[in-house]
Amino acid sequence: MHTVKRAVILAAGTGTRMRPVTLSTPKPLVRVNGVRMIDTAIRGLRANGICEIYVVTGWLREQFRPLAEEYPGLSLIENPWFGTCNNISSLYAAREHLEDAIILDGDQLIRNPQVLAPEFDRSGYNAVWTDAPTGEWLLTVEDGVVTACSRTGGAHGWQLFSVSRWTAQDGRRLRRHLELEFEGRRNRDIYWDDVALFCHPNDYRLGVRPMEPGDVAEVDSLAELAALDPGYRRYLTEEA
């Protein structure tokens, strides 16, 4: 068994699909029923004894500064490329902290802190089994190992969520591959998850950590935000 020693939270994006809310507030700091989304992740990590936390910031980064005072052990990392590159740039900015690490997005709601438990047996992603069709990334698993990933979704597979764990060895490997893609090949328009799942799939033997539906809520749009918190419905009315 391996144990997570540190966490990297990606929080640099501009959240364009949640405008106008995110014009003045970074998406991870948007409150859902009174609680900032990123707080659900940080509190869940700390509840599991993971206090070495790195938050990668970009858009409106100055608003994240109070987090370092609120949560001992939390450090901020600036992503200078957030406005021109995809989120591979955020993990590249935090590449020194990927050994025995859990990586997650700051713009999701962690409803069940147990999904952030530190013990794990192999690198891989939290996922929910779905028989129904989905447009989200879908993993195929054979004998406990991910053998394929569909970016366009499908049915009867493991829906990937933005929570993943990496052993020390795989963390070092992931760092090398990030440097290769971002620096060497200047491959800057991809998601960081592409690095292991599509660019170098034969160099990893990833697994899945099963979750239940609802353990993690991904908030990708203004409509999804309003569905979770009725206080935002007025923005949908204004759009209409």
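The table that follows gives values for the structure above.
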quantity	calculated
Boolean, LYS5 is out of contact with any helix residue (DSSP H, G or I) (no Cβ under 7 Å at 6 or more places or on another chain) and either at positive phi or basic (Lys, Arg) (or both)	yes
In the stretch 171-187, the residues that are of a type in the set (A, V, I, L, M, F, W, C), out of contact with any strand residue (DSSP E or B) (no Cβ under 8 Å at 6 or more places or on another chain) and farther than 15 Å from ASN86 by Cβ	LEU180
Count of residues meeting criterion [in a strand (DSSP E or B) and either on the phi > 0 side of the Ramachandran plot or in contact (Cβ under 8 Å) with a residue 24 or more places away in the chain (or both)] in the stretch 58-79	1
The stretch 147-192, subset among the hydroxyl-bearing types (Ser, Thr, Tyr) and either surrounded by 14 or more Cβ atoms within 10 Å (Cβ to Cβ) or within 27 Å of ASP121 (Cβ to Cβ) (or both), residue nearest to the chain's Cα centre (by Cα)	SER162
Failed item in (1) over 23 Å from VAL4 (Cβ atoms); (2) of a type in the set (D, E, K, R); (3) without any contact (Cβ under 8 Å) to a residue 60 or more places away in the chain, with ARG173 passing the rest	(1)
From the options GLU99, GLU70, GLU119, GLU62, residue that is touching a Lys or Arg at 6+ places or on another chain (Cβ under 8 Å) and either under 15 Å from SER164 (Cβ atoms) or not hydroxyl-bearing (Ser, Thr, Tyr) (or both)	GLU99
Residue ID - surrounded by the fewest Cβ atoms within 10 Å (Cβ to Cβ), chosen from residues in the stretch 97-137 that are in contact with a Ser or Thr (Cβ under 7 Å, 6 or more places away or on another chain) and of a type in the set (Asp, Glu)	GLU119
Candidate set: the stretch 26-75, residues that are among the polar types (S, T, N, Q) and surrounded by fewer than 17 Cβ atoms within 10 Å (Cβ to Cβ); chosen: the one nearest to THR16 (Cα to Cα)	GLN63
Residue satisfying condition, being of a type in the set (A, V, I, L, M), in contact with a strand residue (DSSP E or B) (Cβ under 6 Å, 6 or more places away or on another chain) and over 14 Å from LEU91 (Cβ atoms), within set LEU139, LEU197, LEU222	LEU139
Residues within the stretch 86-96 that are surrounded by fewer than 23 Cβ atoms within 10 Å (Cβ to Cβ) and in contact with an Asp or Glu (Cβ under 8 Å, 6 or more places away or on another chain), tallied	4
Test: residue in the stretch 121-131 that is hydroxyl-bearing (Ser, Thr, Tyr) and in contact with a Gly (Cβ under 6 Å, 6 or more places away or on another chain)	no
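Each row is one residue, and each column tells you yes or no for (1) crowded, with 17+ Cβ neighbours inside 10 Å; (2) touching a residue at least 12 places away in the same chain (Cβ under 8 Å).
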position	(1), (2)
ALA196	yes, yes
GLU224	no, no
LEU228	no, yes
TYR232	yes, yes
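Bear in mind these aren't lab numbers, they're just calculated from the coordinates by the rules spelled out. On a predicted model such as this, the values are computed, not experimentally measured, just so you know. Ideal geometry is used to build each Cβ from the backbone, glycine not excepted, and the neighbour counts take in all protein chains shown.
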